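K.L.:
Please find one structure pasted underneath; my questions will follow.
The values are calculated or read from the model by the stated rules, or taken from the named source; none is laboratory data. From a predicted model like this one, the values you see are computed outputs, not experimental measurements. As a convention, Cβ positions derive from the backbone with ideal geometry for all residues, glycine included, and neighbour counts pool all protein chains shown. Ligands, DNA and RNA are stripped out before the accessible areas are found, and what is left, the full protein with its side chains, is counted by its heavy atoms. Shrake-Rupley method; radii C 1.70, N 1.55, O 1.52, S 1.80 Å.
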Amino acid sequence: AESEMEHGMGYVQGMADIAAFLLQRLPPAGAYQSMRHLCERPLVRTFFRLDIDEWLLLSTVVSNVIGVHCPRVFAKLADFDLEPAMYLPEWLMPLWTRSLSDGVASHVFSRTLIEGDTIFVRAALAVCLAIEPTILASHDMQVRRTSCMRLHHHVHFRHASGTRMCTCAHRRGT
């Protein structure tokens, strides 16, 4: 109901994942207020408006960032025509709550408070770095697609010297 009151933004499937994530951590009133505040953030509004031109622009930006910082991953994904426009909605519309483990998604949400909306996009770069060994080792398109969608098997945070760092779980066949 709230999403329909906002001009240009309706319900998208990822909203249910975000609401469930928030309700698991907050009382209902706090989860509702948090969801409202998230929906007011400019980048999050871009995710939820489903404007094709905005998504294409966002995909181009993320593609360029991945191409610069993860050129080997970018090249391998491009070999199989896996463009960011294919996996970004799965990552960004539910604000990582569907793709990452609860602990990592909580960390992304916490960083949002400190760093702002861009953490949602910067997390895409961290994820590409984390799945790089699986993507590079795979010669099967289905494994690469699965690696881009089922990130909770690959990405987690480990405490090292009191610092949080993104690591990759190296598993064969995942």
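K.L.:
Quantify, in whole percent, the carbon and sulfur part of the accessible surface of the stretch 51-104 (1.4 Å probe; protein heavy atoms only).
P.N.:
The computed percentage sits at 61.
K.L.:
Provide Leu129, Leu136 ordered by accessible surface of protein heavy atoms (probe 1.4 Å), highest first.
P.N.:
Leu129, Leu136
K.L.:
If you don't mind, there's one more thing I want to ask. Highest first, please rank the peptides 12-23, 35-46 by the mean number of other Cβ atoms sitting within 10 Å of their residues.
P.N.:
Top to bottom by mean Cβ count within 10 Å: 12-23, 35-46.
K.L.:
Apply the Karplus curve 6.51 cos²θ - 1.76 cosθ + 1.60, θ = phi - 60°, to the phi angles in the stretch 97-107 and return the couplings in whole Hz, x for Gly and Pro.
P.N.:
Listing the rounded values in order: 6, 8, 8, 9, 4, 4, x, 5, 4, 4, 5 Hz.
K.L.:
Can I ask one more? How much area per residue is accessible in the stretch 7-98 when the probe is 1.4 Å and only protein heavy atoms are counted (Å²)?
P.N.:
Accessible area per residue, the stretch 7-98: 52 Å².
K.L.:
In nm, to one decimal, how far is the modelled label at Arg72 from the one at Ala16, with both set 7 Å along Cα→Cβ?
P.N.:
Result: 4.0 nm between the two label points.
K.L.:
Cβ neighbours within 10 Å, averaged per peptide: list 60-68, 103-111 in order, most packed at the top.
P.N.:
103-111, 60-68
K.L.:
Then there is this: Cβ under 12 Å from Leu43's Cβ, Leu43 left aside: what net charge do those residues give with Lys, Arg +1 and Asp, Glu -1?
P.N.:
0
K.L.:
Got a sec? What order do Trp55, Trp91 fall in by accessible area at 1.4 Å, biggest, i.e. largest, first?
P.N.:
Order by accessible area, largest first: Trp55, Trp91.
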